1. Looking only at the range A:295-318, which residues are more than 18 Å from the chain's Cα centre (by Cα) and either aromatic (F, W, Y) or more than 10 Å from chain B (Cβ to nearest Cβ) (or both)?
2. Regarding A:I82, is this residue assigned to a loop (DSSP other than H, G, I, E, B), modelled with pLDDT of 95 or more and not hydroxyl-bearing (S, T, Y)?
3. Counting only residues that are more than 8 Å from every other protein chain (Cβ to nearest Cβ), under 19 Å from the mean Cα position of the chain (by Cα), part of a helix (DSSP H, G or I) and surrounded by fewer than 21 Cβ atoms within 10 Å (Cβ to Cβ), how many does the range B:319-349 have?
4. Can you confirm whether the range A:135-142 contains a residue that is closer than 21 Å to A:N83 by Cα, modelled with pLDDT of 95 or more and outside any helix (DSSP H, G or I)?
5. Working only within the range B:85-134, note down all residues that are polar (S, T, N, Q), outside any loop (DSSP other than H, G, I, E, B) and more than 21 Å from B:N146 (Cα to Cα).
6. Can you tell me how many residues within the range A:180-217 are under 28 Å from B:T166 (Cβ atoms) and either within 14 Å of chain B (Cβ to nearest Cβ) or in a helix (DSSP H, G or I) (or both)?
7. Quick one: in the range A:231-252, of everything that is in a helix (DSSP H, G or I) and free of Cβ contacts under 8 Å to residues at least 60 places away in the same chain, which residue is nearest to B:T203 (Cα to Cα)?
8. Could you tell me how many of the residues in the range B:37-93 are under 17 Å from B:G199 (Cβ atoms), among the β-branched types (V, I, T) and touching a residue at least 60 places away in the same chain (Cβ under 8 Å)?
There are 2 protein chains.
Amino acid sequence: MISNKHIVVDIHTHIYPPSYIELLASRDQVPYIHKPTAGDPRLIILPSDDDQSKLAQNRGRPIDASYSSWEIKRAFMTSHGINISVVSLANPWLDFLPSSESPKWAKTVNDDLEKACLEFNKEPSSSICKLFAFGTLPLSASADDNRAEVIRLKTLRHLRGVIMGTTGLGLGLDDPALNPIWQALQDTETMVFLHPHYGLPDTAFGRPEVVARSGHVLPLALGFPLETTIAVSRMFLAGVFDRFPNLKMLLAHSGGTLPFLAGRLQSCVEHEREFIANGGCKQGPKRDIWEILKMNIYLDAVVYGESGLKAAVHAGSVERVIFGTDHPFFPPLGAESAAWPSVGTNYAAIQGAFEKDEDIVEGILGGNAIKILGLEV
Amino acid sequence: MISNKHIVVDIHTHIYPPSYIELLASRDQVPYIHKPTAGDPRLIILPSDDDQSKLAQNRGRPIDASYSSWEIKRAFMTSHGINISVVSLANPWLDFLPSSESPKWAKTVNDDLEKACLEFNKEPSSSICKLFAFGTLPLSASADDNRAEVIRLKTLRHLRGVIMGTTGLGLGLDDPALNPIWQALQDTETMVFLHPHYGLPDTAFGRPEVVARSGHVLPLALGFPLETTIAVSRMFLAGVFDRFPNLKMLLAHSGGTLPFLAGRLQSCVEHEREFIANGGCKQGPKRDIWEILKMNIYLDAVVYGESGLKAAVHAGSVERVIFGTDHPFFPPLGAESAAWPSVGTNYAAIQGAFEKDEDIVEGILGGNAIKILGLEV
């Protein structure tokens, strides 16, 4: 038996395969890619990126080859000591496609990912450098189409789950229309990587002209984590985890804020008059959020600090927190640098929070992911 | 010197003095109190409480004497082992008043609080049972009016700071018009207890008819903490803590989510293109959020779980986290009970998180508050 020691797995790392880049480049509404005559193309993925007061070549963010190149992914892995990447399509996935097109695109993207993993893993390397992937679902299509793709994904050797946004079939993850999809995900023991994209309504942050002064900080730093927290809380409140007790959800950014707010959430449930009806017969979720955090939820370690990471490990399970980078997002700005500070911050948080327990560090850095996702080293 | 051991201080406990109750009862728009012919009056403080599809006597929540009675506050303190309460006017304070009325009401409420503390503390008691208070400001009036009230509060013996919502003078706490008020608060070393009321825009939580099925859970459990986090993050991003480096802010609900999200917030600042301008000259906040958490921020321990509490203590300062109850909110539902589970959960989290360190427990339960607010035992 090969030891999993010192193997680093990146569970949160994105790619826009070339086919998906072409799809975005063919569009002129969010999400889209604008290709100016000079300079890098611009990626406009958030409504707030689509600032009509700016020239198209200044909107959004520059998108270079790091978003789609497997060789740049390999170089990033090598320079950051990462042995295995479980790549996922970046937001907003296929959410925006008409229902007639999404099944075809899901198949194309998932097949592209499988093929890329196969090719990538053939390359000789001086140390372990492997690729697996989370697939994507055709959520704008029917529940049946989604169920079919969930089942098909099990036939693709390098696919280890699906990435999903918070809107589900359009009405959020508490929508009963998702039940057949949750059922399929549970039946096939497929991990769902829940990831934000839509943030919070702009008015949550105040006047647009003031928000804009700090660029994407408020929507990215606070809106994204809250979106994830709201989505999983709505699933909890609607009883999704009661109906599908074996559902496996990996939450981006260490659960958004769930590890911190779980106590308040549970307390609010226990003090909610709407849940006390019919002479004291308790309504609402049957299992408490702490149990769901231990039984159904997995967390990445993309939280950029020891306070958050320790809360994630305490609220979740120490054997279910997993290193990630969010590559190719949050690159170093200004001077070129091989070592990304955003990645270094997360490495340092893991080492700092658990410096006295090497097993925990090894688990978060790679051992946990290898076991949970059955990654062949 | 008297030992502060085993003295419990409740930093987060609200009261609506009788004068304020009358003010709310005189209104028919949020916030207001509706007095039906039978049953308890109803308090409608959140826009979401004001459900026009319900009869007025079913809107909002029942408001009984626990909201305004000093004797009920004393009984609650006694039954929960609390020796000192630092009471504050509950939300929405005076935010809703026209500018012509708020200075007068601030004076009335603050004088009521001072007088109540004086009377309360005269009562003989078998153990320590004392009252102090956070005052309120006339924020709808001018900066000068607010400055004057900040200075006047220093003459009231039992007042130990001010409670404040997140809207400031109407445009949020990053509004430069607040500068003279921050200056006065800093000059007088007045603690600001920052408390949420407005939550997040309703659309953040999905369709109203689905949100309503879980009553207030989503806005209270997630909206409230995010409102606090956004408010203090906006202050940070706008450089308020750079301009007023000695400002003291006590954040409700253990900082909303700030202890968990501080790392992501700081990382987003360091990766924000808007802050890199003029050939790499860094814009944006000068001090990082971790420093502000250690130097300017105080946190209550109203977080209902060990995960959150440990994160609060780790991100903040162990000598600046303080027990609280949120009384009279979150009363036991159903069967009458002397011991409130909402309070027991917070006690248990403090004991559980720091069972090996009695000094930390003693500090959070009371010692920290006594030192920080100069409470005479």
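The values are calculated or read from the model by the stated rules, or taken from the named source; none is laboratory data. Only a predicted model underlies this, so the values are computations on that prediction, with no experimental measurement involved. Here Cβ is always computed from backbone atoms with ideal geometry, including for glycine, and neighbour counts include all displayed protein chains.
1. Listed by number, the residues that qualify are A:M295, A:S317, A:V318.
2. Yes; evaluated as a whole, the condition is true for this residue.
3. Residues that pass the stated criteria total 2.
4. Checked the range A:135-142: at least one residue is closer than 21 Å to A:N83 by Cα, modelled with pLDDT of 95 or more and outside any helix (DSSP H, G or I).
5. B:S85, B:N121
6. Number of matching residues: 21.
7. A:S233
8. Number satisfying all stated conditions: 1.
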